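The values are calculated or read from the model by the stated rules, or taken from the named source; none is laboratory data. A quick note: this is a predicted structure, and the numbers were derived from the prediction, not measured. Ideal geometry is used to build each Cβ from the backbone, glycine not excepted, and the neighbour counts take in all protein chains shown.
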Amino acid sequence: MNEAIEAMLRKYQARTVDEQIHALKEIIQEVALLGLWRAKFFEHAAFYGGTALRLLSGLPRFSEDLEFSLLGKNTGFRLSAYESALQRELEAFDFEVSVARKEKLGRASRIESTFIKANTLVHLIKIRSPWKIQPSAVLKVKLEIDIDPPGDFETEVKQHFQPIPFSVRAFTPPCLFAGKLHACLCRTPRDNIKGRDWYDFLWFVSRDTPVHLGHLQRRMEQTGDWDKKQPLTRARLHQILRARIESLDLDQARREVLPFIKRRSDLDAWDRPLFLAAIERIGA
């Protein structure tokens, strides 16, 4: 395996096969970002979501997907234009991957998707892993981009230093918090409860991150969860968050987030009073 990748792997000090697989996925994410930067992707798009928090701000949980937003609406945009750049970059760092767009069925979506796939066992062997798994297991990283973004957001350029130094355009922390609050409040029943959303919610609050209310309102309007005629105020946000937390299944939320964190003790304090108290710390 490439020396730079081996150096990155050593930082993880993986104690289990799952942790080593998470490390490989995360390194694939970082190399993919580098490939996108070389292809000037960030002139048109910005990084957001859990993986942006993880890689750029040190969120202490693993995140699976790379999520992006165009800087403005362009329904003709296709991630497939960047597949060859992703393939080249990953192969340059000794990853054996396929990169392919997910074909959509039915009506058009505002989300474009593509997948990076690699054989898990092959790459565990490459890094001389002591663990063995099923030969058919696949390392999969999904890339998604919103080609019709809700607007009223701000971005900044962040420096990233793995596997080499480069720059990434990303949503600002208040806009990232707005996106996370939208996920907490507006996931549909079929999405089930995602404890990852609520883990990130507490992480933002613990860092005293303000929320960009305008961007949150635009997101909620786009998904039909807010009336455009009414401004979303801090008081109203607190009210709907309290109602959501009162009905939250905390046991299910804990179970969902556990595979993505290293320390179960991070969840020991999770109870309803904690989350309700967190609401009062949210500023705008």
Lone unmet requirement of (1) of a type in the set (S, T, N, Q); (2) buried (at least 19 other Cβ atoms within 10 Å of the Cβ); (3) over 26 Å from Gly151 (Cβ atoms) for Gln87: (2)
Any strands (runs of 3 or more DSSP E) falling wholly within the stretch 21-138 and containing at least 2 residues that are under 21 Å from Phe166 (Cα atoms) and small (Gly, Ala, Ser): 45-48
Among the candidates Arg281, Arg244, residue that is more than 27 Å from Glu19 (Cα to Cα) and in a helix (DSSP H, G or I): Arg244
Enumeration of residues in the stretch 1-19 that are within 17 Å of Glu96 (Cβ to Cβ) and in a helix (DSSP H, G or I): Ala4, Ile5, Glu6, Leu9
Cβ-Cβ under 7 Å pairs, at least 6 apart or on other chains, the stretch 114-128 side assigned by TED's automatic domain parsing to the domain that holds Arg101, far side modelled with pLDDT of 90 or more and basic (Lys, Arg): Phe115/Lys140; Phe115/Lys142; Lys117/Lys140
Condition check for Phe171: aromatic (Phe, Trp, Tyr), in contact (Cβ under 8 Å) with a residue 24 or more places away in the chain and over 24 Å from Glu26 (Cα atoms): no
In the stretch 174-223, the residues that are outside any helix (DSSP H, G or I), free of Cβ contacts under 8 Å to residues at least 40 places away in the same chain and surrounded by fewer than 17 Cβ atoms within 10 Å (Cβ to Cβ): Arg187, Thr188, Arg207
Flag for Gly49 being among the small types (Gly, Ala, Ser) and either within 17 Å of the chain's Cα centre (by Cα) or buried (at least 22 other Cβ atoms within 10 Å of the Cβ) (or both): yes
Condition broken by Ser167, with the remaining ones in (1) more than 17 Å from the chain's Cα centre (by Cα); (2) of a type in the set (Gly, Ala, Ser); (3) over 29 Å from Gly72 (Cβ atoms) satisfied: (3)
Test for Phe41: is it of a type in the set (Phe, Trp, Tyr), in contact with a Gly (Cβ under 9 Å, 6 or more places away or on another chain) and closer than 25 Å to Pro173 by Cβ: yes
Odd one out for Thr120 among (1) modelled with pLDDT of 95 or more; (2) over 15 Å from the mean Cα position of the chain (by Cα); (3) surrounded by 13 or more Cβ atoms within 10 Å (Cβ to Cβ): (1)
